[in-house]
Structures are given as C-alpha cells and as structure tokens.
1. Which of (1) out of contact with any Leu (no Cβ under 9 Å at 6 or more places or on another chain); (2) within 16 Å of SER175 (Cα to Cα); (3) hydrophobic (A, V, I, L, M, F, W, C) is the odd one out, the single condition LEU108 does not satisfy?
2. Anything in the range 142-158 that is closer than 28 Å to VAL82 by Cβ and either part of a loop (DSSP other than H, G, I, E, B) or over 20 Å from the mean Cα position of the chain (by Cα) (or both)? List them, or say none.
3. Looking only at the range 109-144, which residues are over 22 Å from THR196 (Cα atoms) and either in contact with a Gly (Cβ under 9 Å, 6 or more places away or on another chain) or among the hydrophobic types (A, V, I, L, M, F, W, C) (or both)?
4. Taking the criterion of being within 37 Å of the chain's Cα centre (by Cα) and surrounded by fewer than 16 Cβ atoms within 10 Å (Cβ to Cβ), would at least one residue in the range 94-107 satisfy it?
5. I want to confirm something. Restricting to the range 159-177 and keeping residues that are touching a residue at least 60 places away in the same chain (Cβ under 8 Å), in a loop (DSSP other than H, G, I, E, B) and of a type in the set (A, V, I, L, M), which single residue is farthest from ALA193 (Cα to Cα)?
6. Might you let me know whether the range 3-12 holds any residue that is within 24 Å of GLN164 (Cβ to Cβ) and in contact with a Lys or Arg (Cβ under 6 Å, 6 or more places away or on another chain)?
7. Please work out which residue is farthest from ILE172 (Cα to Cα), limiting yourself to the range 119-141 and to residues that are in a loop (DSSP other than H, G, I, E, B) and free of Cβ contacts under 8 Å to residues at least 60 places away in the same chain.
8. Which residues, counting only those in the range 23-34, are touching a residue at least 12 places away in the same chain (Cβ under 8 Å), surrounded by fewer than 18 Cβ atoms within 10 Å (Cβ to Cβ) and under 25 Å from LYS171 (Cα atoms)?
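What follows draws every value from the coordinates through simple rules; no lab data is involved. Computed from a prediction, not measured in an experiment: that's the story for all the values here. Heads up, the Cβs are rebuilt from the backbone with ideal geometry, glycines too, and the neighbour counts pull from every protein chain shown.
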Amino acid sequence: MTTKPLSQRQIYTMGVESLAARFQYFFDQTQDSPYIIQCAVAVLVRNALCTADFSFFAKELICSLFLTSHPRELRSVRHLCVYFADYFTPEEWQTVTTRLFKTNAEFLRLTQNTRAHIEKLKPFLYSTSRPVETKASLVSVFTDENGKRHGWTLSNVDPALTSQQCYDLLKILTSLSLFKKEGVRRFAQVIKAEITETNPRFNTLDDEDPAANWQESVQLEAVTETTNLVPETVSITDDAANENTPVNAKSSPPDTGSKPMKKKPGLTLDDVKKRLTGRLPKKNNGKQQLPMTGKKKDRKRNKRK
C-alpha cells in the first residue's frame, strides 16, 4: 500500500501535534528523508506567517535525519540544513556540516543564496505564538512550472507583516519541489502577496436576537400609534357631575327623540396588541367579515331606500 504524501492542506491547516504525528508516520512508512526535510521547511514558513506557534517543529525527527541519514540521501536537500541550524547545539551543527559537505568552503558556497535570503527572516521562522486583535488573511498569486497563474489564500496570518516580508517568505516555497498537481509543481514563482484584514462590524452571537428585537420595536410603535387614535375622555366638571351627564372630548349630538343607535363593541388596547401580533383574528360583531359582492351591495342599497 502506497502512503500518500503530505498535502498542502495538511501542512497549512492541521494542528501542531496532529501534523507532527503525520510527519513521523509518513517517514516510518517511506523513509523519505529529503521529502520530510522539505515539508519541515514549509512548516517554518507557516510559523513565520501565522500567529500559531510551530517553532522548532518536529525537532527530534529533523535532528535525527541530519545526524543519522546517509549523506548521499540528503545530497539534494543539504543546502536546506541552514534553516534548522538553531535545532542543534554547536557541536551537533559541526557534525552536520562535516557530514554533508566536504569542506567549509563548499558549505559556504552551496548555502550562500539560502543564508542571504533568510538572514532577516529567521526571527519570523522561529517566532512563537503572536496573539492579535485583528484577524487577517494572506492573499497571494503564483505561477506553476507551466507558467499558469493560480491564487492561494492562507488564514490567521500576522497582520503586522509587510507585503515585502510576506513575499520573501513565500519565495522560500519556490525552492521546494512540494505541492504538485498532476505532476506539475504549483509554487514555481511568486507574483503577488498582500495581507487583507477582517474587521467585523458586529457579532450576532453576542446578540439575543436582532431580528426579533427589531420586530418587537415595530409592533410597539404600531400599538402606540393606534392607541393615540382612541378619543380621550376629559374629567367631569362639577356642573356635569351635578347633572349626572358624562362629558367627552367631542360634544354629543342633540337629542332628536329618535332611538339611540347601538354602538358596536369597541376594541380594547389588549385587543389591538393581539391583533397586531397576529393572535386575534379580525371580526365584526363576532362574525367574520366577508367582502360584499355586487348583488349584496344592490340589496343593501334598496333596503336603505
């Protein structure tokens, strides 16, 4: 059974412990030291860009590879040893350079470009966790080996990094032969890299229910407006009290001797609230009011005549 290589998603999304266990399992199954070392460099890039702490990732495994693997196996990645110089004590580091390079001059010549590139980036490559107040993502554009462009976004990055620093860190990925798609290396050249910050205006998780609160305020405003339409009664004056006559805000019509008209039962304030909230059906004298047809209108008009 062939063991699948470590994917780009695993290296840049898995937690520290899970990813370290995945490294160890892959090496136990394949004994592919150069591949593990390249993946470890990719993790150093993640540690430099992101706020999580991946410093000295898989230190024990990486040190054993440089100290015990046959130099011939590491020939293709020996220039990458400078990324892990801080993993070793001075005595161990001397052993590593002696095993991988014939002379010190060869070491300096083959690692010159790599050392010059990461000289200013080492504080980021070995940085610990960096709590931040603002969430940010790194948006980048690469070309693959065939010259085709593609984008890559990395979440939870440090917003304090400059675009130039991000560009220099991503350029490290172009020196690795990882992350291939259909046999084509995806990270061949960096075109663009910049950080975009995320500033949420509000967090609905902290609210009880914004929609419900808004609906309730609308209903209360409607109830208030309807209540203002109900005629207010004024206090009874002494003269009116003596005559036992109620006095309203509107003057009563003169008594013509005709039979008083029956007043339809009015709506109380509670009824208005219930109707606005949909809990009281609209009724007319206890009966559901239906729209009148043309014939009903004619009959009603004839009765009035």
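1. (2)
2. Here is the first cut: in the range 142-158, the ones closer than 28 Å to VAL82 by Cβ are 142-145, 152, 154, 156-158.
Matches in the range 142-158: PHE142, THR143, ASP144, GLU145, ASN156, ASP158.
3. Listed by number, the residues that qualify are LEU110, ALA116, ILE118.
4. no
5. The residue in question is LEU176.
6. The answer is yes; a qualifying residue exists.
7. Only one residue fits best here, namely GLU133.
8. PRO34
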